[in-house]
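Everything below concerns the one structure shown next.
Every number here is computed from the coordinates shown, using simple stated rules; none is lab data. Bear in mind that the values here come from a model prediction, so they are computed numbers and not experimental data. All Cβ positions, even for glycine, are placed from backbone atoms using ideal geometry, and neighbour counts span all protein chains on display.
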Amino acid sequence: MSSVYVGFTLDVVHTGHLTVLERAASLGHVTLGVLTDKAVTGHRPLPIVDFEQRKRIAIGLKGVSKVIEQNQWSYVPNILELRPDYFVHGDDWVSTEPQLRESVITALSEYGGTLIETSHEEGVTNATDRYLRSFQMTSGARLSTLRRLISCKPIARFIEAHNPMSALIAETLVSNRSGQRIVFDGFWSSSLTDSTSMGLPDIEVLDFSRRINNINSIFDVTTKPMIYDADTGGIGEHLAINITTLQRLGVSAVIIEDKTGLKKNSLLGNEVPQTQDKIESFSQKITIANKAKVDPNFMVIARIESLILEAGMDDALTRAKAYIEAGADGIMIHSRKKTPDEVFKFSNLFRDSYSSIPLICVPTSYNKVTETELANNGFNVVIYANQLLRSAYPAMYNAAKSILENGRAYEVDQSLMSIKEILNLIPGTS
Ligand code: SPV
Ligand code: MG
């Protein structure tokens, strides 16, 4: 009997998959390669359905004889290993993935395999459609995405979202860097930008329910994971209850900073009075937070302020060790220096003892550093903590100023979105 290879992601199973499999089964013994999360990264959104479940779906599909993993976006490594008589794919890739198709044709020609293409069916569900994805997104699936991202990407990219509009930019924007699909992986719920957009100072005055309302509105229209900036975490007993709420909503992680008393923004450093908590009491807080975990995928991240408050590298490293022993799932090291030297010194010393504990950074002041440099120095997550709000405010300010100065809105109009664009921005308006 002839052998046939097919490769699918199987996040949203649709009739196009069935057509390919029917054709494949009519040709011979079908091996189905299921693309791992890592294989998909850089090309498609991270699947909503996790890999083990997608593999189970594959086993259950009619016409499939064997299921294997496909660890790369390219079908070629599996084709060259299996040397199937046939490879079957939908013909839509002629326009969507011409290079991928060419590479398969070359690989098949190396040993005389044949490419079979099934015709594209109109109206087949598009798995990447944002609204379909949001309907499918449960809080548990969203919550677990952060851990999946950390395990399949060199560095996960988070950006501050202070309202649903800014979150939609982070949700939908796609860029292309050297043939790779580059997206933001998730949202940072920032105490700075949440407070500032409410006209309040970043001193833990914004109450939890207002922060949560904002997250709910963001989650209503998006699918990506969120990391929550919990400031100092407040009183341990309150923190534990708040962490339960965050998990129920589908937030993936909480970052708690080791300061005490009236919290001030870290980027002010020692220019204002700020007190770092004692190692023992902050470790206790981490232990309480850790015990409040209901979902094992939820992450409690300890944020170390030793470099911000000039307490030194040794202090930062001693604290990292203590917080991990107290149950922290990850460490965020913060710095307000213009260069990444001190965070790199920390990360490299940290990695000598901890090879796999996730490390997070917020390069607001040392913003020349690249994601590749951060990844090479041991960081797993980068957070762009305030750039969307900082860009929105000057744009609004200048529009308001121009209207006041000119006594009309004509002059500012050319720097604005058109009415048509804003009406079409959100599907369902017209
Ligand atoms: C925030 O975004 O609120 C943060 C990061 O905590 S920083 O503003 O640098 O302290
Ligand atoms: Mg903050």
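If only the Cβ of Lys and Arg carry +1 and only the Cβ of Asp and Glu carry -1, the dipole of the range 2-118 around its Cα centre is close to 300 debye. Given a cut-off of 28 Å, what percent of all Cα-Cα pairs of the range 137-385 lie beyond it? Every Cα pair in the range 137-385 considered, those over 28 Å come to 25 percent. Between Ser430 and Arg248, residue separation times 0.36 nm minus the direct Cα-Cα distance comes to 62.1 nm.
Let me check against my output: what whole-number percent is the relative contact order of the chain, with C-alpha pairs under 8 Å and at least 6 apart?
Result for the chain is 12 percent.
Each label point was placed 7 Å from the Cα along the Cα-to-Cβ direction; for Arg181 and Ser353 their separation is 4.1 nm.
Computed over the chain with a Gaussian network model linking Cα atoms closer than 10 Å, the most mobile of Ser65, Ser119, Ser418 is Ser418.
Using the structure shown, list the pairs from Lys259/Lys345; Lys264/Lys321; Lys337/Lys401 with a Cα-Cα distance above 28 Å, or answer none.
Cα-Cα > 28 Å for Lys337/Lys401; rest within.
Using R0 = 56 Å, the C-beta based FRET efficiency linking Glu237 and Glu110 works out to 0.30. Residue ranges 367-376, 163-172 sort as 163-172, 367-376 when ordered by packing (mean number of other C-beta atoms within 10 Å per residue, highest first). Within the listed set Arg211, Arg408, Arg44, the residue fluctuating most in the Gaussian network model of the chain (springs between alpha-carbon atoms under 10 angstrom) is Arg408. Summarising the strand pairing of the chain, around 10 percent of its internal DSSP beta bridges are antiparallel. Between the range 94-115 and the range 149-163, how far is it from one alpha carbon centroid to the other, in angstrom? If you average the Cα positions of each part, the centres end up 33 Å apart.
In terms of other Cβ atoms within 10 Å, Glu117, Glu271, Glu122, Glu411 run from fewest to most in the order Glu122, Glu271, Glu411, Glu117. Positive end of the dipole of the range 2-118 (Cβ unit charges, origin at the Cα centre): among Leu32, Ile79, Thr96, the Cα lying farthest that way belongs to Leu32.
For the range 2-118, the relative contact order comes to 31 percent (Cα pairs under 8 Å, sequence separation of at least 6). When the Cα atoms of the range 190-300 are aligned to their principal axes, the ranges along those axes come out at 39, 33, 19 Å in descending order.
For the range 2-118, dividing the convex hull volume of the Cα atoms by the residue count gives 90 Å³ per residue. The distance between label points at Ser139 and Gln99 comes to 4.2 nm (points 7 Å beyond Cα on the Cα→Cβ vector). Using the Cβ-Cβ distance between Ala392 and Leu423 with R0 = 22 Å, the FRET efficiency computed as 1/(1 + (r/R0)^6) comes to roughly 0.65.
Where the only charges are on Cβ atoms (+1 Lys, Arg; -1 Asp, Glu), what is the dipole of the range 137-385 about its Cα centre, to the nearest 20 debye?
640
Of Leu173, Leu32, Leu307, the residue with the greatest mean-square motion in the GNM of the chain, using alpha carbon springs below 10 Å, is Leu173.
Across the range 302-320, the residues whose backbone nitrogen lies under 18 Å from the label position 7 Å along the beta-carbon direction of Lys338 are 308.
For the range 314-430, a Kirkwood hydrodynamic radius built from all Cα pairs, placed in the Stokes-Einstein relation at 10 °C and 1.306 mPa s, yields a translational diffusion coefficient of 89 µm²/s.
The share of C-alpha pairs in the chain whose separation exceeds 27 Å stands at 58 percent.
Only one residue of Gly378, Pro45, Pro358 has its Cα farthest out toward the positive end of the dipole of the chain, where Lys and Arg carry +1 and Asp and Glu -1 on Cβ, and that residue is Pro358. Ordered by the number of other Cβ atoms lying within 10 Å of each residue's own Cβ, fewest first, Arg157, Arg54 fall into the sequence Arg157, Arg54. The residue among Ser266, Gln276, Thr244 whose Cα reaches farthest toward the positive pole of the charge dipole of the range 229-344, with charges on the beta-carbon of Lys, Arg, Asp and Glu, is Thr244.
Taking 0.36 nm per residue of separation and subtracting the Cα-Cα distance, full extension of the segment from Ser365 to Thr275 would add 30.3 nm. Annotation: amide H of Thr114 within the under-5 Å range of Tyr86, Phe87, sequence separation 5 or more or interchain, hydrogens built in the peptide plane.
In this structure, Ala399 and Glu22 have a Cβ-Cβ separation that, at R0 = 51 Å, corresponds to a calculated FRET efficiency of about 0.35.
The stretch between Asn216 and Gln284, if pulled fully straight at 0.36 nm per residue, gains 21.5 nm over its current Cα-Cα span.
Taken along the Cα-to-beta-carbon direction at a fixed 7 Å, the label points for Ile169 and Glu121 span 4.0 nm. Ranking of Met313, Met226 by neighbouring Cβ atoms within 10 Å, starting from the fewest: Met313, Met226.
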